[in-house]
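> The structure follows.
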Amino acid sequence: MSETPPNIVYLNGVEKSFGAVRALAGVDFAVGIGECVGLVGHNGAGKSTLMHILAGTLTPDTGEITVGTESPKNYAVHLAHRLGIRCVFQELSLCPNLTVAENARVLHSAIAGWGWRSKAARLIRAKLDEIFPGHGIGPDAVAGDLPIGKRQMIEVARAFTVTEEPLRLVILDEPTSSLDSHRASQLLAHVRRVVATGAGCVLISHLLGEVLEYSDRIVVMRDGKVVTTDRAASFDREKLVLAMGAAKVGRDELPLVRDSIASNGGTSDEREVVPTGRRGTTPVRVRARPANQTDGVELLAHEGEIVGLAGLSGHGQTALLLEIFRAAERSRFALLTRRNAGVKVTDPVALIAGDRQNDGIFPLWSISENIGVRSLAALRNRLLISYDREKSFAERWQGRIKIRTPDLGNNILSLSGGNQQKALFARALGSEAKILLMDDPMRGVDVATKLEVYELIRAEAAAGRTFLWYTTEMEELNNCDHVYVFRNGRIVADLHRGELSEERVIQSSFEEATQV
């Protein structure tokens, strides 16, 4: 029997509460030298709270933290960094008004003196080149002007940079949530190279395939406790999901819906998604072309359709969704069909943002206010918003989409990242909008919740709503009736449901031109 490698970090008996909510209930957690530990569990299971404590951004109520041979009494961010612990949080922490190089300097006080900007630029550029070849990110770019996928790449690269302090452990909380499969593979391959040098890694991901393939050991959390830990080789998808306490997941985590939404008598058997097949039989609700495309494929979305947008991240999918949203908003009170350049929209539009911190939540508002803000007309009592109507509206959607909170009057930031995303879904689905634009909205959402949301989307589409869904996860495209693939800001392929495969999407994403 081989000896257990010495630990880089060890957390013993860690507890943490936020008011009446007990986030961690006596957690023991360790990462060994040269080990990648996969950490999984539902939204609200306590994963991110535990990692915030390890990174020094939260102080535990009780418990002991040991790093190497040290058990410091006043553990905090600066000490964690000095001891070689870095963290890429699910909610990205770049300063939006600073350049890429300046954000690298924030993490490294050793970069100082004359020419520090050039030093920081060289440092971050070299690490980006190492992890993400062909990234296309300039060190002088302002972080806030970049799409979320590139901001995530910068955050990851910054965590792996080294100056005076060592690099002993990197915590990656949903590090691929805004990356396409190509960039995600580059990152995870780099993680294994770093672990091979003796460093450690904690990988939190709701993409179970990533955890199973790239982790050495897996820890499962539920309700603030560690419920299972074992070698990664001892798990498969089904065993891992059962350990998390979720419903059974189908082959390769394909989205499932219940037959009841297919009008078959309301049975609860599960099956693979079947497209609505409405294309061409119902009115066109959206007709659009990307700004730099004057010919070729045109995006068409009919009533009751779920239309997918695919391709490498940053190739125009989000830009087109935002242009459709702006075209509708500029004329939302007009009675005529809304038009803007290459965009034609016929009905009210709601947007579900994947970048929830910048484009989604109102951080000073309660959960109820965040859910109801898109439906103010329905919540009014004469000229004022009715508190009772707002509360009832939020409670109804809390039940439908299972938002985990003891009080909807709490601030939206009291929710886990996945539950914040559920609130954004509730806001859009509870509105009068007939067209829903989804900008990679499943960032940081657990497997069981995804299946519930997929089912809800299919039911809403069957009732006549139209969805435009940009996603970086290939499995999610199986929910769509057809998929448009983007490359360099242009639509280069329109794949019908029967033509859809990962190979076709990748081929279309990289080819100079595609016949459709």
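> With every protein chain in place, what's the accessible area of GLU64 (1.4 Å probe, Å², nearest 10)?
Accessible area, nearest 10 Å²: 90 Å².
> Hey, if we sort PHE235, PHE362 by accessible area with the 1.4 Å probe, largest down, what's the order?
PHE362, PHE235
> Just to confirm the number: angle between the C-alpha axis of helix 447-462 and the first principal axis of the chain, 0 to 90 degrees, nearest 10?
Orientation of helix 447-462: about 10 degrees from the principal axis.
> By how many degrees, between 0 and 90 and to the nearest 10, does the Cα long axis of helix 387-401 differ from the longest principal axis of the chain?
Relative to the chain, helix 387-401 is tipped by roughly 80 degrees.
> Still on this structure: So for the stretch 368-516: antiparallel DSSP bridges make up what percent, rounded to the nearest 5?
Bridges in the stretch 368-516 are about 60 percent antiparallel.
> Run through the DSSP bridge list for the chain and note the antiparallel percent, rounded to the nearest 5.
The antiparallel proportion sits near 55 percent.
> Under 5 Å between amide H atoms, partner at least 5 residues away or on a different chain: which partners does GLY354 have, H built in plane at 1.01 Å?
Residues meeting the amide H criterion: ASP439.
> In sequence order, what are the phi-derived ³J(HN,Hα) couplings for the stretch 144-161 according to the Karplus relation 6.51 cos²θ - 1.76 cosθ + 1.60 with θ = phi - 60°, rounded to whole Hz, with x for glycine and proline?
Calculated HN-Hα couplings, in order: x, 8, 8, x, 4, x, 6, 5, 5, 4, 5, 4, 5, 4, 4, 5, 8, 6 Hz.
> With a ≥ b ≥ c the root eigenvalues of the C-alpha gyration tensor of the stretch 389-455, is it rounded (a/c under 1.5), prolate (a/b larger than b/c) or oblate?
oblate
> Oh, and also: In the chain, which cysteines lack any other cysteine Cβ under 4.7 Å from their own?
Cys with no partner Cβ under 4.7 Å: CYS87, CYS95, CYS480.
> Something else now. Considering only protein heavy atoms, with the full assembly of protein chains and a 1.4 angstrom probe, order THR346, THR281, THR69, THR471 by accessible area, largest first.
On the way: THR346 50, THR281 105, THR69 140, THR471 5 Å².
Sorted by accessible area, descending: THR69, THR281, THR346, THR471.
> Around PHE467, which amide H atoms from residues at least 5 apart in sequence, or from another chain, sit under 5 Å from its own amide H, with H modelled in the peptide plane?
GLU305, ILE306, VAL307, LEU436
> I've got another one for you. 5 Å is the cut-off here: which amide hydrogens, built 1.01 Å from N in the peptide plane, fall below it relative to HIS302, excluding neighbours closer than 5 in sequence?
Here ARG285 satisfy the definition.
> What 222 nm value per residue comes from the helices of the chain, counting each DSSP H run with n ≥ 4 as -39,500 (n - 2.57) and dividing by all residues, nearest 500 deg cm²/dmol?
Mean residue ellipticity at 222 nm (helix-derived): -9500 deg cm²/dmol.
> Order these peptides, 137-145, 176-184, by their mean beta-carbon neighbour count within 10 angstrom, highest first.
Those peptides, ordered most packed to least, come out 176-184, 137-145.
> Any idea what angle helix 116-131 forms with the longest principal axis of the chain, computed on alpha-carbon atoms, 0 to 90 degrees, nearest 10?
70
The values are calculated or read from the model by the stated rules, or taken from the named source; none is laboratory data. Since the structure is predicted, the reported quantities are computational estimates derived from the model, not experimental observations. No Cβ is skipped: glycine too gets one built from the backbone with ideal geometry, and neighbour counts run over all protein chains shown. These accessible areas exclude ligands, DNA and RNA; they are computed on the full protein's heavy atoms, side chains included. Shrake-Rupley method; radii C 1.70, N 1.55, O 1.52, S 1.80 Å.
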